[in-house]
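Here's the structure, in structure tokens; my notes come after.
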Amino acid sequence: MEDQDSSEYKPRPIIKAEYFEGTLGAGQRYSMQSTPWDALQWARLQEKYSRKPGETETVYLWRVCLSSGDQIMLSGDKANGYWGLGVFLNLGPDPTDEAQSITSRVACWAGGTDALDRGEPSIIPIRSLSELSTAVTKAACTQAMHKHGEPNDTLIPATVEYTMLKPLSRGALAILKPYLIAKQDEIKRDREQNEEFDSDDPHRQLPTRAELMHGYCKS
């Protein structure tokens, strides 16, 4: 049993999925049930994922995402608490009453604030190749914020918007900059070509954030 007085803890989802095998050919079914938090765990989770004084909306979203906010699922009722001054995580994304990740909820809230005030940077610096993953994740957060969050979106699997590569290419190392600029032009070209086809049957598959990172490693 874990020591609940420890300052470190591993938060777990409040939504638990269970899989059952049908009997006598009855097929398969899924069941969803809530996993309760004890009072100490919940207090620590709220402290960890609440907005800190002086944090811009963008920096708050980055911190939540980079500290495993994608793995914490909250129902609308559970999100209806205090998450920092002016932060309302129970308002979205749609449907607001379903369980969504804290990251998605923060992205939805941040996207609803004034774009001039939320501290969105025009440059995301990449000072070393080891920072590429973090920088791409930050850009993915910015993209999610522009879309006001997406239900249960883990961000990295999201399709890349070429406009969101601009902050990365501006702040990239010289060795990375040509790759990012080339991918930005490629994605823009492919998206324009896809617009000439049915949106349900795109002609060219656009890369995800994960594919963007792996693509550089292979280049």
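The values are calculated or read from the model by the stated rules, or taken from the named source; none is laboratory data. Predicted model, so just to flag it, every value in this text is computed and none were measured. Methodologically, a virtual Cβ is constructed for each residue, glycine included, from the backbone with ideal geometry; neighbour enumeration extends over all protein chains shown.
Miscellaneous remarks
- The set of residues from the range 132-165 being modelled with pLDDT of 85 or more, crowded, with 17+ Cβ neighbours inside 10 Å and over 17 Å from residue 106 (Cβ atoms) comprises 132, 135, 136, 165.
- Residues in the range 55-78 that are polar (S, T, N, Q) and over 20 Å from residue 97 (Cβ atoms): 56, 58, 67, 68, 71.
- Failed criterion for residue 81 (all others in (1) more than 13 Å from the chain's Cα centre (by Cα); (2) in a helix (DSSP H, G or I) hold): (2)
Yes/no matrix, rows are residues, columns are (1) over 20 Å from residue 134 (Cβ atoms); (2) at pLDDT below 90; (3) touching a Phe, Trp or Tyr at 6+ places or on another chain (Cβ under 6 Å):
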position: 167; (1), (2), (3): no, no, no
position: 193; (1), (2), (3): yes, yes, no
position: 196; (1), (2), (3): yes, yes, no
position: 200; (1), (2), (3): yes, yes, no
position: 203; (1), (2), (3): yes, yes, yes
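Results for (1) surrounded by fewer than 18 Cβ atoms within 10 Å (Cβ to Cβ); (2) more than 28 Å from residue 136 (Cα to Cα); (3) modelled with pLDDT of 90 or more, shown as yes or no for each residue.
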residue: 25; (1), (2), (3): yes, yes, no
residue: 28; (1), (2), (3): yes, yes, no
residue: 34; (1), (2), (3): yes, yes, no
residue: 52; (1), (2), (3): yes, no, yes
residue: 64; (1), (2), (3): no, no, yes
residue: 74; (1), (2), (3): no, no, no
residue: 88; (1), (2), (3): yes, no, yes
residue: 93; (1), (2), (3): no, no, no
residue: 101; (1), (2), (3): no, no, no
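- Residue 103 vs. criteria assigned to a helix (DSSP H, G or I) and within 22 Å of residue 37 (Cβ to Cβ): yes
- Among the conditions (1) out of contact with any helix residue (DSSP H, G or I) (no Cβ under 7 Å at 6 or more places or on another chain); (2) modelled with pLDDT under 85; (3) buried (at least 16 other Cβ atoms within 10 Å of the Cβ), residue 11 misses just one, which is (1).
- Here is the figure for the range 41-70: residues that are out of contact with any strand residue (DSSP E or B) (no Cβ under 7 Å at 6 or more places or on another chain), in contact (Cβ under 8 Å) with a residue 60 or more places away in the chain and assigned to a helix (DSSP H, G or I) total 7.
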